[in-house]
1. Within region 138-170, track down each residue that is assigned to a loop (DSSP other than H, G, I, E, B) and either away from the ligand (no atom under 16 Å from the Cβ) or open to solvent by 10 Å² or more (accessible area, probe 1.4 Å) (or both).
2. Would a scan of region 191-207 turn up a residue that is in contact with a Gly (Cβ under 7 Å, 6 or more places away or on another chain), under 18 Å from S138 (Cβ atoms) and not aromatic (F, W, Y)?
3. Just to verify a result, which residue in region 204-221, among those that are out of contact with any Ser or Thr (no Cβ under 6 Å at 6 or more places or on another chain), within 10 Å of the ligand (Cβ to nearest atom) and of a type outside the set (V, I, T), is least open to solvent (accessible area, probe 1.4 Å)?
4. Quick test of your reading of the structure: G196 fulfils all but one of (1) touching a residue at least 40 places away in the same chain (Cβ under 8 Å); (2) part of a strand (DSSP E or B). Name the failing condition by number.
5. Using the structure shown, decide if T115 is free of Cβ contacts under 8 Å to residues at least 40 places away in the same chain, over 30 Å from P141 (Cβ atoms) and assigned to a strand (DSSP E or B).
6. Applying the selection to region 1-45, what residues are at pLDDT 95 or above, farther than 14 Å from V215 by Cβ and aliphatic (A, V, I, L, M)?
7. Kindly indicate whether S135 is touching a helix residue (DSSP H, G or I) at 6+ places or on another chain (Cβ under 9 Å) and open to solvent by 20 Å² or more (accessible area, probe 1.4 Å).
Amino acid sequence: MNIEQYILQHKRLFAVLIDPEKTATDDSLKLRTEAADLVFIGGSTANRSMTEHLVQRLKDITDKPLVLFPGNPSQLSSRADALLFLSLLTTRNAEHLIGQQIAAAKSIQAAHIETIPMGYILIDGGRVSSVERVSGSSPLPQTDLETIVSTAIAGCLLGKRLIYLEAGSGAAVPVRQEVIQAVRSAINVPLIVGGGICTPEQMNQAYIAGADIVVIGNHLEKHPEQARLF
Ligand code: 1GP
């Protein structure tokens, strides 16, 4: 299946994010993947063997699309269905804009995996996020709509085919509706929203504001039995 086409053809997709570094029972993985449309795989510090191992386990548990959302160049598996090739558009540190992408390029090419260019926009979620820690770059304030929107447009002009508004894993405040709305009306590629979403209401608000994919990690990692409520 072509994952980009699948995303373009569907509305209101639910992606569950699973970190290869965190231990999880088969039951927990089953509950989360059954409820989701897409399974995102990634974390801030996982390595290739952890990623390969999780993909292998998930293949035995689910037939949902497995999409790599790598936090570093080593998080790769040729057995996944697609890879989000992300560039952190809110950093001014070249390492996270292009350096890590160069480091990953040859192995991604060798893996023959569908690769989707994605602009990754870090928004202030009220807590220092691991993206902020790892990249050493500040998030954009939720009130700075002008810069957030211009960043998303710049991403599209650079050829990104997905835009991800990220409040950071475990954010105290998810991306606000007015931020999602402003970006949605400025771009015409699928919009992903994640970070700090813990309730079906918050997820619904993100969809109403214009999110095409909502990502939930933390909350369902802790409460996998709640996955079917989303
Ligand atoms: C993190 O946006 C994702 O990259 C998900 O965030 O873990 O807070 O759900 P949570």
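1. Listed by number, the residues that qualify are S138, P139, P141, Q142, T143, D144, L158, G159, K160, R161, S169, G170.
2. Yes, the conditions are met somewhere in region 191-207.
3. Among those that are out of contact with any Ser or Thr (no Cβ under 6 Å at 6 or more places or on another chain), within 10 Å of the ligand (Cβ to nearest atom) and of a type outside the set (V, I, T), it is L220.
4. (2)
5. yes
6. Result: I3, L8, A24, L29, L31.
7. no
So that you can scan it fast, the table gives a plain yes or no per residue for (1) more than 16 Å from the ligand (Cβ to nearest atom); (2) more than 20 Å from L191 (Cα to Cα):
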| site | (1), (2) |
| --- | --- |
| E4 | yes, no |
| R12 | yes, no |
| D19 | no, yes |
| A24 | no, yes |
| F40 | no, no |
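The values are calculated or read from the model by the stated rules, or taken from the named source; none is laboratory data. It should be emphasised that the depicted structure is a prediction, and the values quoted were computed from it without experimental measurement. Because the Cβ atoms are built from the backbone with ideal geometry, glycine has one as well, and the counts that use them run over all protein chains shown. Protein only, heavy atoms only, side chains kept; ligands, DNA and RNA dropped before computing areas. Shrake-Rupley method; radii C 1.70, N 1.55, O 1.52, S 1.80 Å.
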